[in-house]
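First comes the structure, then the notes that go with it.
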Amino acid sequence: MLQKNLLSLFIILFFCFGACAQKYWTGSAGDGLWNSPTNWNPAGVPGNSDDVVLDNLNGTSVSYNVTLPNTSVTINTIRITPNSNNIIYLILPPTNLNHPALNFNGNGNVLVIDKNGVFKNSSDSPSSSPDVISIGITDTIRLNNGCNYIHNNSRSLPYLVDKL
């Protein structure tokens with residue numbers, strides 16, 4: 001009976017950890033691009049079930065920029081946590097006009113920005129497209145003291161962030 005319970009626990013843990021993997025930025029490609037597989041540990045561009053961590057503990061120990069692609073990106077969650085001496089930028093470029101450009105499908109705080117973390121939302125859409133949003137969330141965004149959310153486009157925030 002004990003073996004059966006242990007096997008059941010192992011199977012449950014395997015599927016839980018396999019469903020939501022963590023991806024850490026290493027910057028190994030040297031280009032600052034989200035879509036470069038070698039910038040991530042484990043290698044590979046983050047997917048819709050990944051929890052993304054941009055920090056200075058698991059890859060690079062310097063300030064850096066991460067630029068999202070001009071395609072729609074879907075991930076589970078993301079946390080930007082630089083150490084006290086660095087700044088980490090996550091940039092949604094103005095050339096990304098997708099609806100939405102960045103999607104979160106996790107629960108709780110799907111985007112957390114800590115001190116010295118910066119999210120620069122420059123995604124914009126033509127004024128003829130009133131319903132276009134740049135960020136799709138399933139729950140909440142958390143902005144901690146000392147972080148920056150830069151809203152760098154012509155649309156007001158309610159038009160750019162939408163709870164799915």
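The values are calculated or read from the model by the stated rules, or taken from the named source; none is laboratory data. This is a predicted model, so every value here is computed, not measured. So basically every Cβ, Gly included, is an ideal-geometry build from the backbone, and we count neighbours across all protein chains shown. Each accessible area value is taken on the protein alone, full model and side chains, heavy atoms only, with ligands, DNA and RNA left out. Shrake-Rupley method; radii C 1.70, N 1.55, O 1.52, S 1.80 Å.
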Q.
Any residue that is crowded, with 16+ Cβ neighbours inside 10 Å, touching a residue at least 60 places away in the same chain (Cβ under 8 Å) and under 19 Å from residue 25 (Cα atoms) - is there at least one of those in the stretch 61-72?
A. no
Q) Among the residues of the stretch 46-58, which ones are open to solvent by less than 50 Å² (accessible area, probe 1.4 Å) and more than 13 Å from the chain's Cα centre (by Cα)? A) 56
Q) Counting just the residues of the stretch 34-45 that are out of contact with any helix residue (DSSP H, G or I) (no Cβ under 6 Å at 6 or more places or on another chain), loosely packed, with under 15 Cβ neighbours inside 10 Å and not hydroxyl-bearing (Ser, Thr, Tyr), which one comes out farthest from residue 73 (Cα to Cα)? A) 42
